[in-house]
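What follows is one structure encoded as structure tokens, with my remarks underneath.
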Amino acid sequence: MKGVVVAMVAGAMCFTVLTIGLRALDVRRRAGFMVSVWLLTVPAFVTLHYVTPADLGFLPASMTEPWPVADLLLGVIAYAAVFFGGILQLYNLADRGLSLRVLIDLTTSGPMTVDEMVKAYSAGRGMRWMYAKRMEGLIDHDLVRQNGERVALTPSGRRAAVIFARLQRILRIE
Amino acid sequence: MHGSREYSGLSDIGRSPTLIGILVGVGWFLIYLAAQIVLFQLFDLRQRFSAMVALLVSFIGLAVLTTTVVAYTNSLDGVVLSAFSSVVTMASLWVFYMPFYYVIATSLSVRTLLTLASRGDGVLPLEQLEALFASSTMLEARLTTMVAYRNLAVRGSAFTVTTKGRVTATVFGGLKRLWRLGPGG
């Protein structure tokens, strides 16, 4: 159980470091920055796990793992979950979430019709801006290329589409 | 610095309650994934998220039961620790999996790739893609889902945010300010 407790503490430390970094620096690729910061904190997590006593001074004997490597493994799983399933997902939702942006627009501007929302989306940037941002991401990852007003799949984009189509069939997503 | 209960031999490792919990957790999570696929193939569920949570809770229960049975039948110490480890493992794997599921299910980027791939030559005018993914039709479909999850309510032709939706917007609005993310979306 120690590994999970240490993972929670390390997660809080990682969140604090990320907050300071995002506020102090002008970060362009924020997701990449966040993953880099997390990777840098993994050795700190392992060190913290190594130097602390097995019971952390308060855990009951029944919750203390006799084999430290197993406890560290569980801690790494928990720490990765705290970051990839927690902190990074909070960022993805806050920065890219369409539904969340709609909620914020409606909270700040009051009730709107669908057509009004299409124009007012993201504090007045509009839905076309939102889609241009997605398109930029696809181009950056070499999944599509844009020639003037035409958009074309790249070979890697076609491979990715095949995989996503299979996964959608398996999960019966329409 | 570790306690005096440390194992001395390799044979002891197989008696590690945490390791048993992790292995049981991984095993039951794989069965959970298979069960979810079967469930989605057999039934056309409207509230998939609720079904996924209910299924997960059931399978976590089975994992706890498994660790308990394994511990008692092999006279192992640390039943609670083993059960706890299986729960943490399953919960962690689930939070890794869910973002992946939602990318496949709702991402506009993924839908764009699939739309382009459905054309033989993989080419479409940007205007046509915008009509599909940046239009009032697309937004209306998303709003309908948000109404179903009680984040929004309909007042005549206008949409308004519910108390649940307002709380979500306030929390994430605070996070956006804290991380200086800008409007985003």
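What follows is calculated from the coordinates using simple rules that are stated; it is not laboratory data. Please read all numbers here as calculations on a predicted model, not as lab measurements. Please note: Cβ atoms are built from the backbone with ideal geometry, for glycine as well, and neighbour counts cover all protein chains shown.
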Quiz item: Does B:Asn74 satisfy being crowded, with 20+ Cβ neighbours inside 10 Å, in contact with a Lys or Arg (Cβ under 8 Å, 6 or more places away or on another chain) and without any contact (Cβ under 8 Å) to a residue 60 or more places away in the chain?
Solution: no
Open item on the list: Quick check on segment A:85-107. Is at least one of its residues facing chain B (nearest Cβ under 7 Å) and farther than 28 Å from B:Pro99 by Cβ?
Closed with: no
Among residues of segment B:92-130 being at the interface with another protein chain (Cβ under 7 Å from one of its Cβ atoms) and small (Gly, Ala, Ser), the residue surrounded by the most Cβ atoms within 10 Å (Cβ to Cβ) is B:Ser92
Selection over segment A:2-36 where residues are at the interface with chain B (Cβ under 10 Å from one of its Cβ atoms), over 30 Å from B:Leu81 (Cβ atoms) and in a helix (DSSP H, G or I) yields a count of 8
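Listed here are the residues, each with its yes/no results for (1) more than 7 Å from every other protein chain (Cβ to nearest Cβ); (2) more than 23 Å from A:Leu90 (Cα to Cα); (3) surrounded by 13 or more Cβ atoms within 10 Å (Cβ to Cβ); (4) among the charged types (D, E, K, R).
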| residue | (1), (2), (3), (4) |
| --- | --- |
| B:Leu132 | yes, yes, yes, no |
| B:Leu139 | no, no, yes, no |
| B:Leu143 | no, no, yes, no |
| B:Gly156 | yes, yes, no, no |
| B:Thr163 | yes, no, no, no |
| B:Ala169 | no, no, yes, no |
| B:Arg180 | no, no, yes, yes |
If you go through A:Ala165, A:Ala81, A:Ala123, the only one that is under 21 Å from B:Glu130 (Cβ atoms), surrounded by 14 or more Cβ atoms within 10 Å (Cβ to Cβ) and among the hydrophobic types (A, V, I, L, M, F, W, C) is A:Ala123
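Restricting segment A:68-78 to residues that are more than 7 Å from every other protein chain (Cβ to nearest Cβ) and touching a residue at least 12 places away in the same chain (Cβ under 8 Å), which is surrounded by the fewest Cβ atoms within 10 Å (Cβ to Cβ)? Steps first, please.
The initial filter retains those residues of segment A:68-78 that are more than 7 Å from every other protein chain (Cβ to nearest Cβ), namely A:69, A:72, A:75-76.
Of the ones still in play, those that are also touching a residue at least 12 places away in the same chain (Cβ under 8 Å) are A:72, A:75-76.
Working: A:Leu72: 19, A:Gly75: 27, A:Val76: 17.
Checked segment A:68-78; the qualifying residue surrounded by the fewest Cβ atoms within 10 Å (Cβ to Cβ) is A:Val76.
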Picked from segment A:134-158 (must be in a helix (DSSP H, G or I) and more than 8 Å from chain B (Cβ to nearest Cβ)), the residue farthest from A:Arg101 (Cα to Cα) is A:Pro155
Cβ pairs under 8 Å, 6+ apart or interchain, first in segment B:121-148 and in contact (Cβ under 8 Å) with a residue 40 or more places away in the chain and over 16 Å from A:Trp129 (Cβ atoms), second loosely packed, with under 15 Cβ neighbours inside 10 Å and of a type in the set (D, E, K, R), ordered by first then second residue, are B:Ala148/B:Arg46
Picked from segment B:31-70 (must be closer than 23 Å to B:Ser82 by Cβ and not aliphatic (A, V, I, L, M)), the residue surrounded by the most Cβ atoms within 10 Å (Cβ to Cβ) is B:Thr67
The number of residues in segment A:98-110 that are surrounded by 21 or more Cβ atoms within 10 Å (Cβ to Cβ) and either part of a loop (DSSP other than H, G, I, E, B) or free of Cβ contacts under 8 Å to residues at least 12 places away in the same chain (or both) is 4
